[in-house]
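Working notes, beginning with the structure itself.
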Amino acid sequence: MLQMLLVGTLAMSGAQSAPHGALRAGWEAIQRGEADEAAAAFRRALAADGRDPSALAGAGAAAHLLGRDDEAIRFLKRALDVEPEFAYAAHLLGQLAYAQGDLDLAIKSYERVIKVSPGSPRVYQQLQAWKQEAALHDGFVSRPGVRFSVLFEGPAQEAIAARVSRVLEASYLRVGRALNAYPPQTITAILYTKQQFRDITKAPDWAAGAYDGRIRIPVLGALRAPGELDRVVTHEFVHALIASIAPRGVPAWLNEGLATYFEPAGHGWVQERLRAAPALIPLAALEESFTGLSGVDPTLAYAESLVAAQLLVERLGPNFPVFLQYVGNGTSLEQALLLFNITPADIEREWTRRTRAR
Ligand SMILES: [Zn+2]
C-alpha cells in the first residue's frame, strides 16, 4: 500500500457540505484499512454532494485500497478540480500516477503538494528524483507501439531495442495465452546503462531488471548474451501482466515465481540451487519484494518461488487466471485456493516435498 498523508483531512471534512457522519466514517474506515466500508461511506457522501472534495478524495483513496487505481486517479483529479489546494489529494495522485507510469502527472502533482504544503523533505526529494528521471528520458529515443513503447538512449541501442520489442510481442502472445490475460494498456519499457538503472531504481546489485509501472532494464552489452536479455525482458513482462490482472494482494513469492516460471530459459539451475542450500527460506518470509531481502541468497528465494508458482499453476490449471483475479480483488490467497477446492495445507505439503526432494 502507498503511504498516505492523513493530516488535515479529517479537519477539512468538517467544513464541507456533504454529511459529516458519512465523511468521518469513510476516513476512519480508510485508517483501519477497511476499503469496502470506506468506499460505501464516501458513496453516501457523494450522493449528497457530488462535488465535495473530501468525499472525492476519500473515494479515490478507497478505490486505491481496492486495487482500482484508474478509478482512484479519476476521483483524485475531480477532487483537485474542485479544490486545487488539496495537498492530500495531490500527494496520493502523484504516487498513483507514478505507479502507473505517468511521470508528468506525478511531477505536476508533487509540485502542487510543495506549493500548497511545503516542508516535507521526503516529498521534495522524491520530486527531485522524478525530475531527474524525466530529464534523462527527455534525451531518449522512443520506439512507439500499440502494446509496447520502448525508450532507449540512441543509435547504439537501436538493435537491442528492436530485440526487446520482438521479445515483448512474443511474450505478450505466449504468456497471455497461458494466463488468458492481456494487459489492456500500452506498457513502457526503458533501456538503461547499468549506472542509470541503479540510479533510478535503487535496485540491489543482483537485480537484472525491474518493473514499477514501467519495465526497466540495464542493457549495456546485452547483445553479447541475447538469451539473458530475452530472459530478463520476459520476466519483467510477466510482472507487468500480473499487475494488470491483480494490482495488489499477490505475495512476492508468487509474483517472482510466475515471472521465473515463464522465462524462456531452462530451469535446470533450480534443483541445483535447492540441493546446495543448507536450509530453506520459509515462503512466509518471501511475501514482500525481494529487493528488500537481507541475509538470504536471492537465487534461493527465486528457486523456492518457482517451485511454489509452478505447483499452483499445475493444481489450478485453467482456473489459474480466475484465481489470480480473486487475489487481486482482495480475497486472501488461502480463501482463493479453497474456492477451487485446494487446501493451503496440501499446497504447503507438496511444496515442502518438492523443495526437499533435492
Ligand atoms: Zn522479478
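Values quoted throughout were computed directly from the atomic coordinates according to the rules given, and no laboratory measurement underlies them. Note that the coordinates shown come from a computational prediction; the quantities given were computed from them, not determined experimentally. Reconstructed Cβ throughout: ideal geometry from the backbone, glycine too, with neighbour counts over all protein chains shown.
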Computed [θ] at 222 nm, deg cm²/dmol, the chain (DSSP H ≥ 4; -39,500 (n - 2.57); rounded to nearest 500)
-19500 deg cm²/dmol
Theoretical gain in end-to-end length, ARG166 to ARG198 [0.36 nm per residue, Cα-Cα removed]:
9.0 nm
Where nothing but the Cβ of Lys and Arg (+1) and of Asp and Glu (-1) is charged, how large is the charge dipole of region 210-251 around its Cα centre, in debye to the nearest 20?
80
P(r) of region 103-195 in 5 Å steps, Cα pairs, percent per bin?
3, 12, 18, 16, 14, 13, 12, 8, 4, 1
Using +1 at the Cβ of each Lys and Arg and -1 at the Cβ of each Asp and Glu in region 101-215, identify which of GLY209, PRO121, ALA156 lies farthest towards the dipole's positive end.
GLY209
Residue among LEU338, LEU92, LEU324 with the largest mean-square fluctuation in a Gaussian network model of the chain, springs linking Cα atoms under 10 Å
LEU338
At q = 0.09 Å⁻¹, what log₁₀ I(q)/I(0) does a Debye calculation on the Cα points of the chain give, no solvent, two decimals?
-0.57
By average C-beta atoms within 10 angstrom, highest first, the peptides 69-81, 343-355, 308-320, 232-244:
232-244, 69-81, 308-320, 343-355
Starting from the Cα gyration tensor of region 277-323, take the square roots of the eigenvalues, sort them a ≥ b ≥ c, and report rounded, prolate or oblate (rounded when a/c is under 1.5, otherwise prolate if a/b is larger than b/c, else oblate).
prolate
Compute the relative contact order of region 265-353 as a whole-number percentage, counting only Cα pairs closer than 8 Å that sit 6 or more residues apart in sequence.
23
Answer in debye to the nearest 20: the dipole magnitude of the chain about its Cα centre, from +1 Lys/Arg and -1 Asp/Glu charges placed on Cβ, is 400
Whether region 213-338 is rounded, prolate or oblate, judged on the alpha carbon gyration tensor where a/c under 1.5 counts as rounded
oblate
Restricting region 298-332 to chymotrypsin sites (Phe, Trp or Tyr not before Pro) in coil, as DSSP defines it, with at most 15 other Cβ within 10 Å:
none
Region 157-230, relative contact order in percent, only Cα pairs under 8 angstrom and at least six apart counted:
32
For LYS77, go through the aspartates and glutamates and keep the ones whose alpha-carbon is under 18 Å away, minus same-chain ones fewer than eight residues off.
ASP49, ASP52, ASP69, GLU85, ASP102, ASP104, GLU111
Using the charge dipole of the chain (Lys, Arg: +1 at Cβ; Asp, Glu: -1 at Cβ; taken about the Cα centre), state which of LEU339, PHE42, LEU76 has its Cα farthest towards the positive end.
LEU339
